[in-house]
1. Neighbour counts of other C-beta atoms within 10 Å: give me L163, L56 arranged from fewest to most.
2. Name the long-range amide H neighbours of I79: under 5 Å, sequence gap of 5 or more, or other chain; modelled H, no Pro or chain starts.
3. So if I take the centroid of the Cα atoms in the range 1-36 and the same for the range 132-167, what is the distance between those two points in Å?
4. What value in Å³ per residue do you get for the convex hull of the alpha-carbon atoms in the range 12-166?
5. Please get the size of the charge dipole for the chain, origin at its Cα centre, with Cβ charges of +1 on Lys and Arg and -1 on Asp and Glu, quoted in debye to the nearest 20.
6. With θ set to phi - 60° and the Karplus curve 6.51 cos²θ - 1.76 cosθ + 1.60, what are the ³J(HN,Hα) couplings of the range 100-106 in order, to the nearest whole Hz, using x for Gly and Pro?
7. Determine the calculated [θ] at 222 nm for the chain from helices alone, applying -39500 (n - 2.57) to every DSSP H run no shorter than 4 residues and normalising by the residue count; nearest 500 deg cm²/dmol.
Amino acid sequence: MSILPILQYPDERLHKIAKKVDAITDEVEKLIFDMSETMYTAPGVGLAATQVNVHLQIIVVDVSETHDELLVLINPELITSEGKNKFEEGCLSVPGIYDKVKRAEKITVKALNARGEEFNVTAEGLLAVCIQHEMDHLLGKVFVEYLSHLKQVRIRAKLKKRLRETF
């Protein structure tokens with residue numbers, strides 16, 4: 001088990017587009033395990049491989065209160081989306097920052113599981129938000145980029161100040 005370092009916004013590596021996973025190898029299985037441990041330790045409800053500087057289409061999600069319903073999505077593809085709603089989001093790569101983002105209320109996603117088997121998942125509420133949020137990471141997009149330019153500037157300044165105070 002390894003806890004992986006999480007990239008912090010505005011790190012440019014968060015904007016790299018992830019590549020499809022060609023095969024479920026031992027390295028991919030280890031990455032999935034390490035990502036889930038990193039997510040639970042952080043603590044968070046979702047993590048994309050991009051956030052740990054691995055640019056493969058892998059997402060781990062667990063929105064359960066008991067942290068025992070890990071969902072692994074490899075090469076996720078949005079099949080359908082319905083409705084729109086604003087949800088408050090946060091991100092392990094943008095610590096301490098929360099804001100509302102408009103997302104689909106209900107989605108269906110096709111993906112591979114950790115064994116490489118194709119499946120569909122239909123989600124709404126927090127699970128739908130989390131999956132969409134993590135899929136954005138695979139496309140090189142961070143949730144704060146949905147916010148106004150002014151809010152983005154303020155967030156960058158706040159995070160840079162926090163970083164300076166840490167050192």
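Rule-based calculations on the coordinates, nothing more; no lab input. Note that the structure is predicted; figures quoted are calculated from it, not measured. Positions of Cβ are generated from backbone atoms using ideal geometry, with glycine treated the same way; all protein chains shown enter the neighbour counts.
1. L163, L56
2. Result for I79 returns T108, V109, K110.
3. 19
4. Working: hull volume 17.7 nm³, N = 155.
Spelled out: Cα convex hull of the range 12-166, divided by residues, is 114 Å³.
5. Working: 22 positive and 25 negative charges, 244 e Å.
The calculation lands at about 1180 debye.
6. Per residue, the Karplus-derived 3J(HN,Hα) values read 8, 10, 7, 9, 5, 6, 9 Hz.
7. On the way: 3 runs with 48 residues, N = 167.
That comes out to -9500 deg cm²/dmol.
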